[in-house]
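The values are calculated or read from the model by the stated rules, or taken from the named source; none is laboratory data. Keep in mind the model is a prediction, meaning the values are calculated, not measured. Because the Cβ atoms are built from the backbone with ideal geometry, glycine has one as well, and the counts that use them run over all protein chains shown. Just so you know, the surface numbers come from the protein's heavy atoms only, side chains and all, with ligands and any DNA or RNA stripped out. Shrake-Rupley method; radii C 1.70, N 1.55, O 1.52, S 1.80 Å.
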Amino acid sequence: MEGQETYRKIIHVDMDAFYASVEQMDNPELKGKPLAVGGGGKRGVVSAASYEARVFGVRSAMPGFTARQLCPDLTFVRPRFDRYQEISSQIRKIFHQYTDLVEPLSLDEAYLDVTENKKGNPSATLIAQEIRQQIFKEVGLTASAGISINKFIAKIASDYNKPNGQKTVNPEEVIEFLEALDVKKFYGVGKVTKTKMYQMGIYTGKDLKSKSEEFLTQNFGKSGGHYYRIVRGIHLSEVKPNRERKSLAAERTFSENIASEIYMLERLESIAEELQKRLKKSKVAGRTVTLKIKYSDFTLQTRSKTLPYFINDATILLETAKELLYQEKMKNSVRLLGISLSNLNTSTEKKKEREEVEIIQLRFDF
């Protein structure tokens, strides 16, 4: 591609409606039926939707009551993340049969660099096909894949023939492929940016490519340079097998709005305990505690505090969250509270510090 003389062989594997497909696999009675994973109550949110539900317009992150309005026959099931993690681990073992250059993005998708692979197969297209067949044979689920010269194009391509399909964009096809795309298909172009581009007459990759880097930077800031490069097929990010986790969080959406700070503290206690479980399971600690507050009018606020030491203890998480809660008077009643921990001790630059600093574990006598 422009600015690139050698090409990598990158595969992006994306499981098809992963959470919903796992539930349908484990419960045959749900197969073929519109299904949503998440909460179906008036305050619930859809985490994932089966393809049968998507026909009706049901999508992830949609309020449960809206999903039921769109599809009255929709079945809701509670998420089982331990089960999804178990299946995800099986799938990643299959990936590693082909290459050690595997970068998971989430439980249901990953990048693989198969430029040099354990099978000695020069065709990334055939490798992707084999991987998808092996996932179906060993796990019982379907996956889609995109194959191209970099991560950006491979990710776009994986969505091209969903579900249970794949698409290869060869080096000589990249520019034509990108020019024909609607800009909303470009990974990283959200609704706001899409609308802004449309208003400027930028509808396709070809339209985007006609704009100078200066024009794009002036109108889209730092992202402008990114758009200038990707529409020319330039994306040099490598597949990083040891992708670092930036933060861990736990949150709760309440069935009724909460106005009392006493009730908020009760909820924060259970949230802190859940976050502690996740931190200890991941064997990490962090220094920056962030309290997330979503008010009844859906406005969102975050408050953060960075501690001088690493923590992963529920007691300290709760005490810090409590301090943040009282930091400022509440604007309204609250529908969601969350606690996250970032500035983790897993980053490369913190490894030495991690070895030197003991995680603080406070114990109190009752």
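Miscellaneous remarks
- 222 nm mean residue ellipticity, helices alone, for the chain (DSSP H n ≥ 4; -39,500 (n - 2.57); rounded to 500): -11000 deg cm²/dmol
- For residue 33, the aspartates and glutamates whose Cα comes closer than 14 Å to its Cα, not counting residues fewer than 8 places off in the same chain, are 23, 52, 73.
- Accessible surface of the chain [probe 1.4 Å, protein heavy atoms]: carbon and sulfur percent: 48 percent
- Taking other residues whose beta carbon is less than 15 angstrom from the beta carbon of residue 141, and scoring Lys, Arg as +1 and Asp, Glu as -1, yields 0.
- Inter-centroid distance (Cα atoms) of the range 81-142 relative to the range 214-245, Å: 26 Å
- Karplus-derived HN-Hα couplings along the range 151-164 (A = 6.51, B = -1.76, C = 1.60, θ = phi - 60°), whole Hz, x at Gly and Pro: 5, 4, 6, 4, 5, 4, 5, 5, 8, 6, 10, 6, x, 6
- Gain on full stretching of the segment that runs from residue 278 to residue 130 - 0.36 nm per residue minus C-alpha separation: 49.9 nm
- Per residue, the accessible area of the chain comes to 53 Å², computed with a 1.4 Å probe over protein heavy atoms only.
- Backbone HN-Hα couplings from phi across the range 105-118 [Karplus 6.51/-1.76/1.60, Hz, Gly and Pro as x]: 9, 6, 5, 10, 8, 7, 9, 10, 9, 10, 3, 10, 10, 5
- Two-site FRET efficiency, residue 26 against residue 137, from Cβ-Cβ distance with R₀ of 22 Å, rounded to 0.05: 0.80
- Only beta bridges with both residues in the chain are counted; by DSSP, about 85 percent of them are antiparallel.
- Over 20 Å between alpha carbons, listed pairs 31/93; 162/211; 184/206: 31/93; 162/211
- Sparsely packed trypsin sites (Lys or Arg not before Pro) within the range 254-353, loop by DSSP, other Cβ within 10 Å at most 15: 283, 329, 331
- Pairs of alpha carbons in the chain separated by more than 37 Å make up 31% of all such pairs.
- Cα-based Rg / Dmax (Å) for the range 214-255: 17.3, 49
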